[in-house]
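The values are calculated or read from the model by the stated rules, or taken from the named source; none is laboratory data. Fair warning: this is a prediction, and the values are worked out from it, not measured in the lab. Every residue, glycine among them, receives a Cβ derived from its backbone with ideal geometry; neighbour counts consider all protein chains shown. All accessible areas refer to the heavy atoms of the entire protein, side chains included, with ligands and DNA or RNA removed. Shrake-Rupley method; radii C 1.70, N 1.55, O 1.52, S 1.80 Å.
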Amino acid sequence: MPSVKFVGQDEDVRELAGDAGDTVMRIAVDGGIAGIDGECGGSLSCATCHVHIDAAWVDRVGPPSDYEAGMLESTDSVQDNSRLSCQIIFSDALDGLVVHVPA
Ligand code: FES
């Protein structure tokens, strides 16, 4: 089963298996990743699912939509590699994806 690696705020790494079609937010929340809350359930209205995409994966994950980018601007730690993880649909092509949980 493909998996995602979540790098925590203290640099701890947890690898969680995910099903294709799940969002990265759902994988994180179901796995209890601290700092990814997904309060709105993925309806693009809370930004509590903010992650930083590892540099090696930015191109494969792709950029945010204009609306998502606007939501990201409301977060404290927005960077060029920021995404809302509820907008990233996991797939076999993203097996091994590395995301960092913002401070
Ligand atoms: S879970 Fe609310 S914006 Fe992603």
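Accessible surface calculations at 1.4 Å, restricted to protein heavy atoms, place the chain at 52 Å² per residue. Applying both filters, DSSP loop and at most 14 other Cβ atoms within 10 Å, to the GluC sites (Glu not before Pro) of region 1-98 gives GLU11, GLU39, GLU73. Distances between placed amide hydrogens fall under 5 Å for VAL98 paired with LYS5, ASP54, all partners being 5 or more residues away or on another chain. Taken one residue at a time, the phi angles of region 29-37 give Karplus couplings (6.51, -1.76, 1.60, θ = phi - 60°) of 5, 5, x, x, 6, 5, x, 10, 9 Hz. Gly and Pro are set to x. One equal scatterer on each Cα of region 6-71, no solvent, Debye formula: the resulting log10 I(q)/I(0) at q = 0.13, 0.19, 0.21, 0.23 Å⁻¹ is -0.38, -0.85, -1.04, -1.24.
Here the Karplus relation 6.51 cos²θ - 1.76 cosθ + 1.60, evaluated at θ = phi - 60°, turns the backbone of region 43-60 into coupling constants of 8, 6, 9, 10, 6, 7, 10, 4, 9, 9, 7, 4, 3, 5, 10, 4, 5, 6 Hz, with x for every Gly and Pro. Amide H contacts for THR48 (H built 1.01 Å from N in the peptide plane; partners 5 or more residues away or on another chain; cut-off under 5 Å): GLY38, GLU39, CYS40. When DSSP beta bridges are restricted to pairs lying wholly in the chain, around 75% turn out antiparallel. A Cβ-based charge dipole, computed about the Cα centre of the chain with Lys and Arg at +1 and Asp and Glu at -1, lands at about 120 debye.
Using the Cα centre as the reference, give the magnitude of the dipole from point charges on the C-beta atoms of region 52-103 (Lys, Arg: +1; Asp, Glu: -1; all else neutral), rounded to the nearest 20 debye.
Dipole of region 52-103, to the nearest 20 debye: 60 debye.
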